[in-house]
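We did not get these values from a lab; they are worked out from the coordinates using the rules stated. None of these values were measured; they are calculated from a predicted model. In this analysis, Cβ positions are derived from the backbone assuming ideal geometry, glycine residues included, and neighbour counts consider all displayed protein chains.
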Amino acid sequence: MIPTLIAQTNGRNGRAAYLPFGEKRDGALFNQSILSVKQFSRADLEHIFAVAGEMRMMVERVGSFDLLNGKILAVLFYEPSTRTSSSFIAAMQRLGGGFIPINEVKYSSVAKGESLPDTIRTLEAYADVIVLRHPETGAAALAAQYARKPIINAGDGVGEHPTQALLDLFTILEERGGIDGATVTMLGDLKYGRTVHSLARLLSLHNVKLNYVSPDVLRMPRELAAELDARGVRQFQTESLDDVLDETDVLYVTRIQKERFANLDEYAALKDSYIITPATLTRARADMTLMHPLPRVGEISPTVDSDPRAAYFRQVEYGMYVRMALLAMVLGKA
Ligand code: NCD
C-alpha cells in the first residue's frame with residue numbers, strides 16, 4: 001500500500017519534510033539532528049534514558065522488534081570505529097530497520113574527491129537518518145546544513161561525541177542509580193578526547209564535582225572549563241591521580257589520541273602517562289565505577305577487567321540501548 005503523503009514544514013533548513021500519513025510526529029527529538037550535547041536539557045536526558053531503559057527491557061525479553069520496520073539508517077564513517085558504528089547498526093537491526101554501512105570511505109566516491117555535502121545529499125535520498133563520523137570539528141553541523149534528513153554526530157574530530165556522552169551518563173545511572181552528588185574524575189587526553197568534552201558538558205547539567213587528571217599539555221580546553229565555570233560547576237585540575245583518587249566515585253579513563261598529534265615523538269612521550277592496575281584500585285573506593293569509552297591501548301591493564309568496578313564492557317552494551325532510543329526518537333517512534 002502506498003502511504004498518503006502529507007507535507008509538514010518543520011522549519012529545519014526552512015524545508016518541508018514529507019511523512020507517511022499517521023506517522024507520530026511529536027517528541028523532543030523528532031526529525032532533529034543530534035550535533036552537540038549543548039542541545040539537551042535535563043528533561044531531554046530523562047526522556048532519552050527512560051526510552052533506553054525500555055529498549056533494554058525489550059531486548060532482554062524479545063531480542064528484536066519491528067518499531068522501525070521500513071526505515072533505513074546510513075552509517076557514514078570517515079574515521080575508524082568498532083563500537084559506535086556497529087552499535088548503531090545493531091540498534092537499527094534490533095528495531096527492525098535496515099542500514100547502509102559506509103565505513104571504508106576509500107571504497108566510496110569520497111575517494112574520487114566527492115564533497116561531504118554531495119555525499120550527504122546522496123545518502124539521504126536512500127536513508128531516513130545519517131550517522132556521521134568525520135575528522136573535522138564541525139563536520140556534522142556542516143552536513144546538517146545541507147541535509148533534509150536528521151544527522152547524528154558520531155564524533156567530529158576533537159569536537160564532540162554526543163551519543164557517547166549520552167551512553168556514558170546512562171552507564172552511570174544504571175551502575176550507580178544516580179548522578180547528582182557524584183565526583184567524576186576524567187583522566188588521560190582531555191585536550192583531544194572528544195568524549196570527555198561532551199561528557200563534561202552533559203555532567204554540568206547535574207550537581208557534580210569534576211576532576212581533570214592529565215599531563216599539562218593535554219589539559220581540558222580552557223574555553224570548555226570556562227564554560228562550565230560560568231555554570232557554577234566545581235572543577236579541579238591536576239597531573240596526579242593520587243590527588244583525587246580517594247574522593248572519586250566515577251573514574252573515566254581515556255586513550256591518548258595518537259591520531260591528533262602532529263609529532264609522534266610527543267605522543268610516545270605521553271602515551272604511558274597513566275596506567276590503571278589492580279594496585280590503583282586497592283586505593284580507590286570500594287563502590288567506584290571505572291569507565292572507558294574504548295578502545296584502550298594500555299591505559300587500563302587487562303588484569304583489572306575482573307574487578308566488579310570495571311564497567312567498560314557493560315558500558316558498551318548500554319550504548320546499544322541508548323542508540324536504539326535515539327533512533328526511535330529521531331524517527332518519531334518513541
Ligand atoms: C572514542 C572516539 O572515537 O572518540 N571511541 C568511541 O567512540 N567509543 C574514544 C577514542 O577513540 O579514544
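What full-extension length gain, to one decimal in nm, is calculated for Arg283 and Thr303 as 0.36 nm per residue of separation minus the Cα-Cα distance?
Gain on stretching Arg283 to Thr303: 5.6 nm.
Please arrange Thr82, Thr254 by how many other C-beta atoms lie within 10 Å of their C-beta, fewest to most.
Going from least to most buried by this count: Thr82, Thr254.
Compute the long axis of helix 116-126 from its Cα atoms, compare it with the longest principal axis of the Cα atoms of the chain, and write down the angle in degrees, 0 to 90, nearest 10.
With rounding to tens, the tilt is 50 degrees.
Please label the shape of the range 30-89 as rounded, prolate or oblate, based on the square roots a ≥ b ≥ c of the eigenvalues of the alpha-carbon gyration tensor (a/c under 1.5 means rounded; beyond that, a/b larger than b/c means prolate, else oblate).
oblate
Quick check on the exposure proxy: order Lys271, Lys112, Lys149 from fewest to most C-beta atoms within 10 angstrom.
Lys112, Lys271, Lys149
Helix 312-330 sits at what angle to the longest principal axis of the chain, using alpha carbons and giving 0 to 90 degrees rounded to 10?
Value to nearest ten degrees: 30.
Can you compute the charge dipole magnitude of the chain about its Cα centre, using +1 on each Lys and Arg Cβ and -1 on each Asp and Glu Cβ, nothing else charged? Give it in debye, rounded to the nearest 20.
1000
Describe numerically, in nm with one decimal, the distance between label points set 7 Å from Cα along Cα→Cβ at Asp66 and at Tyr267.
It is 4.8 nm.
By how many degrees, 0 to 90 and rounded to 10, does the Cα axis of helix 194-203 deviate from the longest principal axis of the chain?
The helix 194-203 is inclined about 90 degrees to the chain.
With springs only between Cα atoms under 10 Å, which of Leu228, Leu264, Leu199 fluctuates most in a Gaussian network model of the chain?
Result: Leu264 has the largest fluctuation of those listed.
Given H placed on each backbone N at 1.01 Å, which residues far from Ile152 in sequence or on other chains put an amide H within less than 5 Å of it?
Hits under the 5 Å cutoff: Ile34, Ile130, Val131, Leu132.
Across bins of 5 angstrom width beginning at 0, how are the C-alpha pair distances of the range 162-312 distributed, in whole percent?
With a bin width of 5 Å, the distribution comes to 2, 10, 21, 24, 22, 14, 6, 2, 0.
GNM, the chain, Cα, under 10 Å: largest mean-square fluctuation among Phe88, Phe170, Phe65?
Phe65
Shape of the range 87-188 from its Cα gyration tensor (a ≥ b ≥ c, root eigenvalues): rounded if a/c is under 1.5, otherwise prolate when a/b > b/c, or oblate?
prolate
Mind sorting Asp229, Asp180 by how few other Cβ atoms lie within 10 Å of their own Cβ, fewest first?
By the 10 Å Cβ count, ascending: Asp180, Asp229.
How much of the pair distance distribution for the chain lies past 29 Å, counting alpha-carbon pairs only, in percent?
Counting pairs separated by more than 29 Å, the tail of P(r) holds 39 percent.
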